[in-house]
1. If you scan the range A:40-83, which residues turn out to be more than 14 Å from chain B (Cβ to nearest Cβ) and out of contact with any strand residue (DSSP E or B) (no Cβ under 7 Å at 6 or more places or on another chain)?
2. Output the residue which, of all residues in the range B:86-101 that are free of Cβ contacts under 8 Å to residues at least 24 places away in the same chain and outside any helix (DSSP H, G or I), is surrounded by the most Cβ atoms within 10 Å (Cβ to Cβ).
3. Looking only at the range B:117-127, filter to residues that are more than 10 Å from chain A (Cβ to nearest Cβ) and over 21 Å from the mean Cα position of the chain (by Cα); which one of those is farthest from residue A:285 (Cα to Cα)?
4. Report yes if some residue within the range B:184-202 is modelled with pLDDT of 90 or more, part of a helix (DSSP H, G or I) and within 17 Å of the chain's Cα centre (by Cα); otherwise report no.
5. When you scan the range A:238-251, how many residues do you find that are touching a residue at least 40 places away in the same chain (Cβ under 8 Å) and either farther than 23 Å from residue A:181 by Cα or facing another protein chain (nearest Cβ under 7 Å) (or both)?
6. Find all pairs meeting these conditions: Cβ atoms under 8 angstrom apart; at least six residues apart or on different chains; first residue within the range B:128-151 and farther than 21 Å from residue A:277 by Cα and at the interface with another protein chain (Cβ under 7 Å from one of its Cβ atoms); second residue part of a loop (DSSP other than H, G, I, E, B) and at pLDDT below 85.
7. If I ask for residues that are farther than 19 Å from residue A:230 by Cβ and within 14 Å of another protein chain (Cβ to nearest Cβ), which ones from the range B:275-295 would you list?
């Protein structure tokens, strides 16, 4: 009798233990959730032309992690940020993201990748169900397209369509005043470049109907030589040029175009120029380039923003970048969400994050909101202005109210079939 | 496809001047890298997949020397000699061990060298991109020739590359060293039997190839962002150039480089979304018509 009883208990125990082991092995982040420290995976670009932006992402995230840990951690758990180099390659970004979750036991993922890799990491988040915060991809469709939307993925980065609305209004005002009707575009040939350019041109034409695009050039991302693109632009003789080239690509383009005196022949609208990385890397910055704000410590012109920019500079010896503020803001959102949820569980954090509004130095009115409907940030400071080759680099920023952005964004979503 | 733009350009003097000079600019940088590649292959018979590394080293050393001296001439000299020095060390301690190895081993070693030097550049100069900036002497407005825009720096670049091409051709065809190099390319065993130190000759040729790549890096540094791995992008095009021109032929490298430069500039006008493919198509057509390349010889 005793033998029979022993046998029955053994079988049940075996099945329970087996199920527990199988579950734990297949989902290591569940196992590590019991640990005190919470590991956050941070795939980003730490080598190549974009390394400076990736490093600035990691730096700002670390700066905020130190603050959060000093204040008691994320819902009481100290954060360990694990940053890995993705080399700017989508396949590497996906591999690194999986490795961070499955091997390193990360419970949350901050995807500090450019758009080239962000879509690949997004699919990893879909597959593994981990809470993923995209912090550097600006391609609008990532959060706007309902087919791509995930309950566990959020965007804590500016969005191409938002920049394009403000930029379109700004550029159209100048185009109308100076009768700039012949425009050209020169943007990188991938999702971000194509989408953002189309959105900017759409709003430019809407507010300046006489504008026509007479030529387009689409250099490849990380292309070393822009000579053929530059000479094509010279032949077309536009009055104004729009570009969303960024980082080392933008500085290379400016260096190569400057010796053709391209910027004396046409006005230049470069949405990604007003970032300290680009502004300081170009040795002979032509004056009068129109740019959207990326990160400038004088915009928004608040003590909180200036203090944050100076603190970063004091710690790392250089000014922060656009990617810096976005990653800092992401940690701020996670910290606030963990306080409200009193948990680090991804699903509970996601619930709190939807619609969460926090005070932030990067907000147009001192606050930034994680919009519930598409899980992307709104209310951050956006402006356009003209650059000068020394500090403050963009003396005056012009902006439009967010209500206008919302109105035009809603129309855009309908046109694209997203709403 | 925009054939109207291409046709208009072909009938416009200003457009032709701008596009042809642009083609020469792209071509001349490619030539300097490709000629080193072809020279090394011609004599040492190794396809040096790590050749882009020396272009990268040349660019970085040139930037460092320029920042220290504010002299572009010193920067060019520094870039060329720096790449040459590293090239000689690589040849003496690594490359010569794989001259008789199979192609797979050669490819593996060259790829390892690329990874090692890319990481070394990250350690020494940092992983982020760098910009050298245009030297003071060339910060002048562009020239307008028949209405076409030509930057003075690019005229200098074209002239410098042409001088090197002519100098190299004269050296290879008219000097004792050149005759020895040509003899070694044809029959290294016989050259060795005549008492010439072929090991030293191989080192000299490898060093010369690296010097030219370093010079190209120094010439490109003012207008291209410097980043670890920058050598790889130019290496692919340089291989296309050597295949078109014929492996081992200096004249072929020059003609192939100019052809690729012109295909890119005129292709950007007429076939803007197909420019890259045009280069490969040109290569494929030439290989079909003449499998050894335009100036390649049977057996090389």
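1. Applying the first criterion (more than 14 Å from chain B (Cβ to nearest Cβ)) to the range A:40-83 yields A:40-43, A:60-82.
Selection gives A:60, A:63, A:64, A:66, A:67, A:70, A:71, A:72, A:75, A:76, A:78.
2. Taking the range B:86-101 as the starting set, the residues that turn out to be free of Cβ contacts under 8 Å to residues at least 24 places away in the same chain are B:89, B:93-94, B:97, B:100-101.
Remaining after also requiring outside any helix (DSSP H, G or I): B:94, B:100-101.
Values: B:94: 15, B:100: 10, B:101: 13.
The qualifying residue surrounded by the most Cβ atoms within 10 Å (Cβ to Cβ) is B:94.
3. Residue satisfying both the conditions and the ranking: B:120.
4. No: zero hits.
5. Of the range A:238-251, the ones touching a residue at least 40 places away in the same chain (Cβ under 8 Å) are A:238-249.
If we keep only those that are either farther than 23 Å from residue A:181 by Cα or facing another protein chain (nearest Cβ under 7 Å) (or both) as well, we get A:246-249.
Count: 4.
6. B:139/A:284
7. B:277
Here's the yes/no breakdown for (1) within 28 Å of the chain's Cα centre (by Cα); (2) more than 14 Å from chain B (Cβ to nearest Cβ):
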position: A:183; (1), (2): yes, yes
position: A:210; (1), (2): no, yes
position: A:216; (1), (2): yes, no
position: A:236; (1), (2): no, no
position: A:254; (1), (2): yes, no
position: A:274; (1), (2): yes, yes
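The values are calculated or read from the model by the stated rules, or taken from the named source; none is laboratory data. Here the structure is a predicted model, which is why all the values come from computation and not from measurement. Every residue, glycine as well, gets a Cβ built from its backbone with ideal geometry; the counts of neighbours run over all protein chains shown.
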